[in-house]
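In what follows, a structure is listed as structure tokens, so that the remarks can point back to it.
The values are calculated or read from the model by the stated rules, or taken from the named source; none is laboratory data. Predicted model only: the values in this text are computed from it and were never measured. All Cβ positions, even for glycine, are placed from backbone atoms using ideal geometry, and neighbour counts span all protein chains on display.
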Amino acid sequence: MSTPLTELPPSVVSDDAALRVVVVNGSPHDKSKTMGLVDVALDALSTMLPTTVHRIDVYRLGPEFATATKREDVAPDVETELLAAETADLLIAATPVYRGSYTGLFKHFFDLVDQYALANKLVLLAATGGGDHHALALEHALRPLFGFFQAMTAPVAVFASAGDFDGTTLLNPRVYGRIEMALADVAGLLAQRVHASSAQEQVHHD
Amino acid sequence: MSFEIGIMTFGEVTRDPISGELSSPRQRVRETIEQAQLADQVGLDVFGVGEHHRGDFVGSAPTILLAAAAQATHDIRLTSSVTVLSSEDPVRVWEQFASIDLLSAGRAEIIAGRGSYTESFPLFGYDLTDYADLFREKLDLLLQIRERNPLTWSGRFRAPLVNADIAPRADGGTIPIWVGVGGSPASAISTGRLGLPMALALLLGPITFHEQTVELYRAAAEQAGHDAAQLPISINTHGYVGRTSQKARDEMYPYFAQGMADNNHQRGAGMRIPRAAFDAQATPRSGLLVGSTQEIIDKLLTYHDLYGLERAIIQMGFGGMPQKLHLEAIERLGTEVAPVVRREVELRTGRAAA
């Protein structure tokens, strides 16, 4: 079921020319600060590039997902979600910091992702925590996870503390600034890939 | 507007760590009114009572204590510090403060806060997961009640009001409503956007602790079209004015350490602040307002210069300081500190001639 190694990564220029952004959301809550942070990033990204967004709430994937230990065991709808993450043009990996790291089911989702499916995939890391002292969980927990996958994590990861939010609405302009900076890099990398891929198509057509 | 200096209390009922005595709640409520009376007599500008729903405080119903203080005082402004608005009915809050305003001939004020303690939520049947939404909605309702009468309003957390007559109205037509901010960027920003005065709470830490909070507040106010420079900011911080620098520290420390142990729990147990850490908090570049008359004057002026403050409210008596020491500190603050600070601020801001 996993994407074969030999298969070329899906072109970032899909039929409708929109970039497929997939969010893997590790928050267990319906209304979450983590999604409050991600929504700001998605909003800002949509002003830079045409995007379609697919969101995967790992805590809504059900008990069969939670108990699956092998990719073969997952239900078809969960398989669809795993494939969506594996074939995204941009993956946003977002989680609250629980007990010093990503949440349990967030990691479980990636435990079911094919070992090479995320190789060279552009991944934006995002996390929220009770205080600023959790910020480096992005670097010490999230980034190594995607290092394993040989993914291309965006250089700037975005973090927001509980105090930056009114409920789930992000208010702190400094975090907005950080998101803009992260997205400038992401948009640059995506644009390069679009360019490279259309140049390649050009060669094929000639 | 000149610089205002006040005091506030939670009405602590804490066992005296030196004498071992525990004052009764009956004694403590009377002492609280006596503090207000003296603060008024020595010319302080504000008296505040905090809201805490626990056996070791008598301040669970600050409006009742403020009403009693209204009868015992003449000029001093009377404020909650804070009203935990999220677990209150804003209609009732308005009715009570308007009554205090009538009793005191226009001296009532409200500091509306989210509450640093959460005991009131289960007591009044509110869910802590609604923390942010509760405050936003209730503040909106309170501001609208202040704005107009009768009022038609609807929200999520209480029954709608249809052409409701909410009485009495305030003595002077309005009541100042401040928002208590603990320092989170988001609450400073929401307060700025609403163009409301901000009462900043600073517990411990560098005196510059709230520079960013104030910047964010003013920037948010500006962006929302308010005259940011005109918005008043107040600081609430612990303190004590002693006869000498050393005496002040020696007298405040045992009680403050007790108060911290009772209220600042780590791993489920109280943590006493070590004397060295306390003394560090008392140095000129940190926030605690403890020291001699001159030290308090200097530090209040530093606060004023840093944040453009209009008001400082000093929390005294934390940890159940004996009434005698508490009253002496109020007297020094009113007679020796306040006149100098007010005059100096007027000189610095060029408002003396106005």
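What the table shows:
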quantity	calculated
Scan of the stretch B:264-291 for residues that are of a type in the set (Gly, Ala, Ser), within 22 Å of the chain's Cα centre (by Cα) and farther than 14 Å from B:VAL341 by Cβ, ordered by number	B:ALA282, B:SER286, B:GLY287
Residue within the stretch A:146-159 that is within 14 Å of chain B (Cβ to nearest Cβ) and in a strand (DSSP E or B) present	yes
Selection within the stretch A:10-32 - hydroxyl-bearing (Ser, Thr, Tyr) and either at pLDDT below 95 or touching a Leu at 6+ places or on another chain (Cβ under 6 Å) (or both)	A:SER11, A:SER14
Criterion (crowded, with 18+ Cβ neighbours inside 10 Å and basic (Lys, Arg)) met by exactly one of B:ARG249, B:ARG243	B:ARG249
The one condition in (1) surrounded by fewer than 18 Cβ atoms within 10 Å (Cβ to Cβ); (2) in contact with a strand residue (DSSP E or B) (Cβ under 6 Å, 6 or more places away or on another chain) that B:PRO122 fails to fulfil	(2)
Selection status of B:ALA282, modelled with pLDDT of 90 or more, small (Gly, Ala, Ser) and farther than 26 Å from B:VAL49 by Cα	no
Residues of the stretch B:302-326 satisfying the condition of being surrounded by fewer than 20 Cβ atoms within 10 Å (Cβ to Cβ) and either assigned to a helix (DSSP H, G or I) or over 18 Å from the mean Cα position of the chain (by Cα) (or both)	B:THR302, B:ASP305, B:LEU306, B:PRO322, B:GLN323, B:LYS324, B:LEU325
Residue within the stretch B:49-62 that is surrounded by 23 or more Cβ atoms within 10 Å (Cβ to Cβ) and either under 19 Å from B:LYS324 (Cβ atoms) or free of Cβ contacts under 8 Å to residues at least 40 places away in the same chain (or both) present	yes
When residues of the stretch B:83-117 are limited to those that are over 19 Å from B:ASN236 (Cβ atoms) and polar (S, T, N, Q), the one farthest from the other protein chains (Cβ to nearest Cβ)	B:SER104
Selection count, the stretch A:167-188, where residues are in a helix (DSSP H, G or I) and either touching a Ser or Thr at 6+ places or on another chain (Cβ under 8 Å) or within 14 Å of chain B (Cβ to nearest Cβ) (or both)	6
Tabulated pairs, the stretch B:121-140, first more than 14 Å from every other protein chain (Cβ to nearest Cβ), second in a helix (DSSP H, G or I), C-beta under 6 angstrom, 6+ apart or interchain	B:PHE121/B:SER87; B:PHE121/B:LEU128; B:PHE124/B:SER87; B:TYR126/B:SER87
Residues (in contact (Cβ under 8 Å) with a residue 40 or more places away in the chain and not hydrophobic (A, V, I, L, M, F, W, C)) located in the stretch B:156-178	B:ARG158, B:PRO168, B:ARG169, B:ASP171, B:GLY172, B:PRO176
The one condition in (1) under 20 Å from A:LYS107 (Cα atoms); (2) within 14 Å of chain B (Cβ to nearest Cβ) that A:ASP164 fails to fulfil	(1)
Residue within the stretch B:226-248 that is farther than 22 Å from B:VAL49 by Cβ, within 14 Å of chain A (Cβ to nearest Cβ) and modelled with pLDDT of 95 or more present	no
Residue within the stretch A:66-73 that is at pLDDT 95 or above and buried (at least 21 other Cβ atoms within 10 Å of the Cβ) present	no
